1. For chain A, what is the mean residue ellipticity at 222 nm derived from helices alone (per DSSP H run of n ≥ 4: -39500 (n - 2.57); sum divided by total residues; nearest 500 deg cm²/dmol)?
2. If you fit an axis through the alpha-carbon atoms of helix A:315-336 and take the longest principal axis of the Cα set of chain A, what angle between them do you get, 0 to 90°, nearest 10?
3. With axes computed from alpha carbons, what is the tilt in degrees of helix B:78-90 against the longest principal axis of chain B, rounded to the nearest 10 within 0 to 90?
4. Inside 10 Å of the C-beta atoms of A:264-277, what's the mean count of C-beta atoms belonging to other chains?
5. For B:Val226 and B:Asp7, what is the calculated FRET efficiency with R₀ set at 41 Å and r taken between the beta-carbons, to the nearest 0.05?
6. Can you list the aspartates and glutamates whose alpha carbon sits under 16 Å from that of A:Lys322, skipping same-chain ones fewer than 8 residues off?
7. What is segment A:131-242's relative contact order, in percent, from Cα pairs under 8 angstrom and six or more apart in sequence?
8. Exposed loop sites here are GluC sites (Glu not before Pro) in DSSP loop states with at most 16 other C-beta atoms within 10 Å. What is the longest stretch of chain B lacking them?
Amino acid sequence: MQALTFAPPPPPNDQTEALRHEVRDFLAVELRDRPAQKRAESWSGGDPAFSRKMGERGWLGMMWPKKYGGHERSALERYVVLEEMLAAGAPVGYHWVAERQSGPNILKNGTQAQRDLILPRIARGELCFCIGMSEPDSGSDLAAARTRAERAQGGWLVNGTKVWTSSAHKADYMILFCRTGAKSDDDRHAGASQFLVDMKQAQQGGMTVRPIIDMHGEHHFNEVSIEDLLLPEDALLGKEGDGWKQVTGELAFERSGPDRFLSSFTLLVELVRELGPAAPERAAVAIGRITSHILALRRLSRSVAGMLQNGEDPALQASLVKDLGNSLEQEMVEIIRLLTDAEPTEAEGNPPYSVVLAHLILTAPSFSLRGGTREILRGIIARGLGLR
Amino acid sequence: MTDQLADSAEKLFTAHAGKAVLGAAEQGVFPQPLWDAVVEAGFTAALLPEEAGGFGATVAEAMGLLRISAAYAAPVPLGETMLAGWLLARAGLAVPEGALSIAPVRTKDRLTLTRDGDGWTLTGTATRIPWARDAAAIAVLAEGPDGPAVALLPKGSFTVAHDRNTAHEPRDTITVEATLPAGAVALANTTAAQLRAAGAAIRTVQMAGALSRVLSITIGYVQTRVQFGRPIGKFQAIQQNMAILAGQSAAALAAADNATDALAGTLSPLLVGSAKARAGEAASIGAGLAHQAHGAIGFTQEYDLHYVTKRLWSWRDEFGNEAEWNALVGRAALEAGPDGLWPLLTAA
C-alpha cells in the first residue's frame with residue numbers, strides 16, 4: 001500500500017495574513033457591485049479586465065521566477081490569493097487554467113523561447129488557455145486519443161477532433177494532447193506528445209471551433225476540429241513521446257486546489273444571509289457540517305500545495321482532495337435546498353437566493369466530471385492503495 | 001513527530017497490545033504490562049510541560065503517540081491520563097504518577113466543592129467516567145465558591161459503579177463525598193467548555209488513528225480474500241469503496257491535525273468542534289465500509305477489525321457527537337453572517 005500521507009501544510013505567518021487582508025481590501029472595492037448570481041459562477045466566470053488587475057497586483061504566477069514575470073512567492077501565499085478570490089466569487093475564469101496548470105507545465109517542460117513568450121503574459125493576466133485533451137472517443141480514457149501530429153515539412157501536421165474543450169472560443173492558446181507515435185504493446189500511454197497551439201493562427205489554418213451549449217444554456221464547451229493544421233517545429237511542448245508523463249504532472253495542480261471544494265461556497269453565503277442568526281437548530285447543524293468539511297478539506301488542500309512547492313509528486317493526494325471536495329460541493333446544494341422553502345429559478349426578478357440555488361443545481365453535475373470523473377479519481381486512489 | 005518516536009511507539013504497541021491483551025481487556029482484565037510499558041516509555045507525560053514533568057515533546061508529538069496507540073486499540077487510559085495531566089498542570093497542581101482520568105465528562109453532571117475548615121469537601125455524581133475503576137486519581141473540574149476549580153481526587157475517595165462503552169472500555173459512574181486537603185484544590189484556569197473541547201480533541205486524534213487501522217486491515221483483507229477466482233480488491237465495486245474509505249481516513253487525519261493545532265493553541269471551539277464532527281462522520285462511514293468489505297468474518301470475535309470499529313462507534317459520541325459540535329460550528333457561522341463567514345473560517 002502506497003503511503004497516503006499528507007505533509008503538514010505550511011503554517012500561516014504575518015506575511016500571508018497581511019496578503020490576505022490586501023486581497024480582501026482589493027475585492028471589497030472590485031466586487032462591490034457584483035451580484036450574488038454572478039459570484040455563484042465561481043471560477044467559471046471570467047473577465048479579462050479583472051485578470052489584468054490581478055496581474056498588476058502581482059497575484060498571478062506568484063511562485064514563478066521573476067525572470068518570467070513571476071514573483072517568487074510561496075505556495076501558501078498563492079493559496080491565500082486563490083481561496084480569497086473563490087470565496088468572494090471573483091471572476092477569475094479568464095486566466096484560471098493558464099495560471100493553474102498551463103503555466104507550470106510550460107515552466108517545467110517548455111523551451112526557453114516558450115517560457116519567455118508565454119509566462120510573463122500569463123502573469124500579467126493577458127492570456128486565456130484551453131486544454132485539448134478529450135475527444136469524441138476519448139473521455140476518461142485519455143490513452144484512446146486519436147488526434148495525430150505527423151512530422152511534415154516545416155513542422156507537424158495535425159488531424160483530429162477535440163471535444164468538451166472549455167474556453168476554446170476565447171483562448172489565446174491551447175495545450176494540445178495528441179499522438180505522435182505508436183502505442184507499444186506494453187505501454188498504451190507511449191507515443192503521445194503535447195503542443196503549444198496559438199489559437200488565432202490555428203483557426204486561420206485548419207482548426208475550427210464550434211460551440212457546444214450546455215444544459216444550463218451556457219457556452220463553455222466547444223468542439224474543435226483540426227484538419228491538416230501545420231504547427232511550426234517549435235510548437236512541441238516538452239519531449240516528443242512524453243505527453244502522458246507531462247499530462248499526469250499537471251494533474252496535481254489541476255485537482256488539489258480550493259477550486260475543487262469551494263464551487264458552491266456562494267450558496268452557503270447566501271443561505272446564511274437568507275436565514276439570519278436566528279436560524280433553526282436543524283439549519284445550524286447542517287451549516288456546521290458543511291463548515292466542518294470545508295475546514296478539513298482546506299487543510300488537505302493546503303498540504304498538497306506545500307508538497308507541490310517542495311517538488312514532491314502528490315498526484316494521489318490531489319485525487320483524494322478532488323474526490324472529497326467535489327462530493328462536498330455537490331452535497332452542499334442538496335443539503336442547503338432543504339433549509340428554506342425557496343424554489344430554484346434563474347428567471348429575472350427573483351430573489352438572489354433562488355437564483356443562486358438554481359445556478360448551483362444546474363451546474364453541480366459537472367463538478368464531479370470536469371478535471372477527472374469521480375470514478376476515475378477513485379480508480380487512481382485504489383491503485384495507490386495497491387488494489388490495481 | 002520524528003520517525004524514531006513513531007517507531008518506538010509502533011514497537012511498543014506491537015509487543016504489548018496483541019490480540020490476547022485486547023480480548024482479555026474486553027473481559028475486564030487491565031493490561032498491566034502494556035500500561036507499565038507505556039508509562040516507562042514516558043508517553044503518559046508527553047502532553048505535560050517540562051516544568052510539570054514532561055519531556056519537552058510538542059503537542060503534535062504527544063498526539064502522534066496517542067494516534068498510534070488508538071491504531072492498536074491499546075486498551076489503556078493514555079488519552080485520559082494526558083488530559084488529566086493537562087487539566088492539573090493548567091491549574092498549577094502537581095501531576096501524580098499512575099493512570100489518571102477526568103470528571104465530569106457529561107455536560108449535565110456536576111461536582112461541587114465547598115470549604116471545609118482549611119480544606120475542601122467534594123460532592124456529586126459523574127457518569128461515563130473513562131477508566132475510573134483503574135485510575136490512581138481523577139482530576140475533577142468542580143464548581144467551587146470562587147468559580148471553576150480543579151481537585152485531585154485519589155483512588156479510594158470515591159465509589160465506582162462499573163459501566164462501559166461499545167468497546168468494553170470502562171465508562172464508570174463515580175459517586176463522591178470526599179474531604180480533600182487544601183493542597184489538592186486550585187483555581188481551574190479551565191472552563192467546562194474548554195475541558196470538553198480538549199476531550200473532543202483527544203477523541204478526534206484517537207478516531208483518526210483507529211480509522212487508519214481500519215483502512216490498513218481492510219486493504220489487507222481485500223487483497224487476499226479470493227472470490228470468483230480473484231482477490232475481491234480486483235473488483236471495481238470494492239475498489240471504489242476502498243477509495244471512499246481512504247478519503248474518510250485522510251479527512252479524519254486532517255481533522256485530528258486541526259484538533260492538535262487547537263490543543264496547542266487557544267482551543268478554538270470552531271477548530272476542535274469541526275474536527276470532532278468531521279472525524280466522527282468519517283468513523284461512521286469508514287467503519288461501515290470496512291465491515292461491508294469483510295463480510296461475515298469481520299463480524300466475528302475472532303477477527304481483529306471489531307477492536308477498532310467498536311471504539312470508533314463510542315468515541316464519535318464521547319465528548320460531544322457530530323450533531324452537538326456541528327450545531328456549535330453552525331451557530332458560529334450564522335452569527336458571523338454572510339460577510340463574516342469566510343473570515344471566520346480562515347481565522348479558525
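1. Numbers: 14 runs with 171 residues, N = 388.
Taken over chain A, the calculation gives -13500 deg cm²/dmol.
2. 40 degrees
3. Roughly 30 degrees between the two axes.
4. Details: counts 0, 3, 1, 0, 4, 6, 1, 4, 10, 4, 1, 2, 4, 6.
Rounded to a whole number, the mean comes out at 3.
5. Values: r = 33 Å, r/R0 = 0.81.
E(calc), rounded to 0.05, equals 0.80.
6. Cα-Cα hits under 16 Å: A:Glu83, A:Glu250, A:Glu254, A:Asp259, A:Asp313, A:Glu331, A:Glu375.
7. On the way: 255 pairs, mean separation 34.0, N = 112.
Computed value for segment A:131-242: 30 percent relative contact order.
8. Working: sites that count: B:Glu97, B:Glu302.
Answer from the scan: B:98-301.
The values are calculated or read from the model by the stated rules, or taken from the named source; none is laboratory data. These figures come from a predicted structure and were not determined experimentally. Counting neighbours? That spans all protein chains shown, and the Cβs are built from the backbone with ideal geometry, glycine included. These accessible areas exclude ligands, DNA and RNA; they are computed on the full protein's heavy atoms, side chains included. Shrake-Rupley method; radii C 1.70, N 1.55, O 1.52, S 1.80 Å.
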